[in-house]
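Chemist: The following block contains the structure, expressed as structure tokens.
The values are calculated or read from the model by the stated rules, or taken from the named source; none is laboratory data. In this text the structure is predicted, and so the values were computed from the model without any measurement. Positions of Cβ are generated from backbone atoms using ideal geometry, with glycine treated the same way; all protein chains shown enter the neighbour counts. Only protein heavy atoms, including side chains, enter the accessible area calculation; ligands, DNA and RNA are left aside. Shrake-Rupley method; radii C 1.70, N 1.55, O 1.52, S 1.80 Å.
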Amino acid sequence: EGISCASIMLCVCSLLTAILLGALVSVLYQSSSGEKSALHHAQTTFELVLLTEAADSKGAVCLDGSPGGYYIRRPLADAANRSKFLIFHEGGGWCGSDTNCFDRSLTHLGSSVSYDPKISGDNIEAVALYAYLRDYTIVYAKYCDGTSWSGNVDDPIPVYNETSGKNRTIFYRGRRLLDALLDDLLHNQGLDEADTVLYGGCSAGSLTAYLHIDYLRTKLSPTTKLAGLGDSMYALPYKSYDGQVNYLQNMYQWGYTAWNASTSINDRCREHYERKKRPQDAFLCLYGSIVVNFVHTPTLVVNSKFDTWQQKAIMGFDREYCSPEVDTDGTVIPCGNDSPGAQAKGRYWKVYASVMKRTVEEVLPIYHGAFLTNCPWHCLFGPGNWEDSAGPDKRLNEATAYWIDLLESGKISENMTAPRWIAKEQDKCFGQKKGAPRANMLTPVRLL
């Protein structure tokens, strides 16, 4: 019998659909420089683990007294494989006074009461990194203590609440939360048998990784390969544009004492200032650019030289008066608006950027890697920045893939000279996607 036109059209449509789907799959699974299965934005589910037992028995609680927690995603390729882990700390700034910390305790950055039992990996920080590491167990450590997991105060803190006219209670227990997190991963999730661990975070989560990665090293098997990944908190102790002590320094000085952070930050950094008989300056260990110099575990430092969070927190000017732009040809303009003083602020920002570059090149220990881009942003492992450039010959996804390959092959150690990709002043920004969502975190203004 003859074949109808409708049947022919149906076959053609089916064939075209198959071809298009095949092309889409090949794009999603294309390799990054042929090194690994690359970015794949699959809908992946992270499941919540609440650390209720540690809260009850050890007082490991968020600011509001609720238990800490984390989200976990098993490997997409082999769910039973627990040999590789990424532990990634959520960002979200810090709180700069007891009252501010109480306000924070009413949000998801100070309480676990609103945590969903499951979340999509496509809607949280570092989605590009999670999608890339398909054969890793991903642990997304929720941030609810406001101290980069360094608070260590035994007694509850009473805070007067003007609305109710009563005292409310908050807790600075970040270090107990860290111990609870690591203990649960070691005893219940297979971290004790891990072959490879990548430990990092974004913003305040990046500082968490700098502060605690050497402590994590003591918890793992000596045979476990470990490296760090610090995204966007290589902050410099630098005066603000108006010459005053800036928001970040004021907060760190207050927090170091109020949180009792001296008992839980990197020991070598704190001891450095004690030997110099300057214990009052040990708060400087809360600066990423300071503490990472005392970290022994090799870490890849990732930062924009025009970090849009440090713009306000350190230099002290808002996007309203200094809005960074990337021209169509990739040229970076630190202050692209026409507001009064924008050009002077732009020059000040360029000096800050050059100091960051020089500090990495001259001070950062050689076993730490670095990726410094001119692309203006804060937290670079989201989908909009995964291909940001550091010069004409290297993108973030390629540099990250290379760092991970070094880790997995056992080539990362304190005896190495780590790779570095550092944009020069004249280098343009390539790869940044227009209109990409920014990291979900509090700005300095809202933290004051």
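Chemist: Give the ranking of Asp183, Asp329 by solvent-accessible surface, highest area first, calculated with a 1.4 Å probe. Don't skip to the answer; put the middle values down first.
Modeler: Values: Asp183 40, Asp329 70 Å².
Ranking Asp183, Asp329 by accessible area, largest first, yields Asp329, Asp183.
Chemist: Once both axes come from the Cα atoms, what is the angle between helix 204-219 and the longest principal axis of the chain, in degrees from 0 to 90, rounded to 10?
Modeler: It is inclined by approximately 90 degrees.
Chemist: A follow-up question, please. Using Cα pairs closer than 8 Å and at least 6 residues apart in sequence, work out the relative contact order for the chain, in percent.
Modeler: On the way: 926 pairs, mean separation 68.7, N = 448.
This gives 15 percent for the chain.
Chemist: In whole Å, how far is the Cα centre of segment 331-363 from that of segment 409-425?
Modeler: 25
Chemist: What FRET efficiency, computed as 1/(1 + (r/R0)^6) with R0 = 51 Å and r the Cβ-Cβ distance, is obtained for Lys166 and Asp393, rounded to the nearest 0.05?
Modeler: About 0.25, to the nearest 0.05.
Chemist: Suppose each label sits 7 Å from its Cα in the direction of the beta carbon; what would the Lys411-Ser221 distance come out to in nanometres?
Modeler: 2.4
Chemist: Sequence-distant or interchain residues sharing an amide H contact under 5 Å with Ser323, placed H: which?
Modeler: Distant-sequence amide H within range of Ser323: Gly336, Asn337.
Chemist: Something else about it: At a 1.4 Å probe, what is the % contribution of carbon and sulfur to the accessible area of segment 247-288?
Modeler: Working: 840 of 1910 Å².
Solvent-exposed carbon and sulfur of segment 247-288 make up 44 percent of the total.
Chemist: What value in Å³ per residue do you get for the convex hull of the alpha-carbon atoms in segment 184-302? Each step should come with its number before you reach the end.
Modeler: Working: hull volume 13.3 nm³, N = 119.
Considering the Cα atoms of segment 184-302, their hull volume per residue is 112 Å³.
Chemist: Enumerate the lysines that Lys239 could reach by cross-link, defined here as Cα to Cα under 19 Å, with residues fewer than 8 away along the same chain left out.
Modeler: Once the sequence-local lysines are set aside, what remains near Lys239 is Lys305, Lys312, Lys345, Lys350, Lys357.
Chemist: Something else now. Once you wrap a convex hull around the alpha carbon atoms of segment 156-253, what is its projected area averaged over all directions, in nm²? The partial results should precede the final answer.
Modeler: Numbers: hull surface 38.2 nm².
Directional mean of the projected Cα hull area for segment 156-253 stands at 9.6 nm².
Chemist: Here is a further query. Could you tell me how many degrees, from 0 to 90 and to the nearest 10, lie between the Cα long axis of helix 247-258 and the main elongation axis, the longest principal axis, of the Cα atoms of the chain?
Modeler: Relative to the chain, helix 247-258 is tipped by roughly 60 degrees.
Chemist: Okay, moving on. Would you calculate the separation in nanometres between label points at Asp78 and Lys428, each defined as 7 Å from the Cα along the Cα-to-beta-carbon direction?
Modeler: 4.4
Chemist: Now, a different point. How much accessible area does Thr163 have with a 1.4 Å probe, in Å² rounded to the nearest 10?
Modeler: Surface open to solvent at Thr163 totals about 130 Å².
Chemist: Can I ask one more? Tell me, what is the 1.4 Å probe accessible area of Lys84, in Å² to the nearest 10?
Modeler: Surface open to solvent at Lys84 totals about 40 Å².
Chemist: Give the lysines whose C-alpha is closer than 24 Å to that of Lys58, dropping any in the same chain fewer than 8 places away, or say none.
Modeler: Candidates past the 8-residue exclusion: Lys142, Lys219.
Chemist: Can you say what percent of the DSSP beta bridges in the chain, counting only those with both residues inside, are antiparallel? Round to 5.
Modeler: On the way: 21 of 51 bridges.
Counting only bridges with both partners in the chain, antiparallel ones make up about 40 percent.
Chemist: For the modelled label position 7 Å from the Cα of Lys276 along Cα-to-Cβ, which residues of segment 300-342 have backbone nitrogen atoms closer than 11 Å?
Modeler: Of the residues in segment 300-342, none has backbone N under 11 Å from the label point off Lys276.
Chemist: With Cβ to Cβ distances under 15 Å as the rule, what net charge do the other residues near His296 carry (K, R +1; D, E -1)? Mind dumping the intermediate values first?
Modeler: Details: positive: Arg217, Lys219, Lys225, Arg268, Arg270; negative: Asp214, Asp267, Glu271, Glu414.
The answer is +1.
Chemist: Whose amide H sits under 5 Å from the amide H of Thr308, counting only residues 5 or more places off or on another chain, with H placed in the peptide plane?
Modeler: Under 5 Å from the amide H of Thr308: Trp377, His378.
Chemist: I want to verify the translational diffusion coefficient of segment 303-436 in µm²/s; compute it with Stokes-Einstein, Rh as the Kirkwood radius over Cα pairs, at 20 °C and 1.002 mPa s. Walk me through the numbers before you get to the answer.
Modeler: Working: Rh = 15.5 Å.
Once the numbers are plugged in, D ends up at 138 µm²/s.
Chemist: What is the distance in Å between the Cα centroid of segment 260-315 and that of segment 106-157?
Modeler: Cα centroid of segment 260-315 versus Cα centroid of segment 106-157: 22 Å apart.
Chemist: As a test of understanding, state the convex hull volume per residue of segment 84-222 from its alpha carbons, in Å³.
Modeler: Details: hull volume 16.4 nm³, N = 139.
That works out to 118 Å³ per residue.
Chemist: Oh, and also: Per residue, how much accessible area does the chain show when a 1.4 Å probe rolls over the protein heavy atoms, in square angstrom?
Modeler: Details: 19010 Å² over 448 residues.
Heavy-atom SASA per residue in the chain reads 42 Å².
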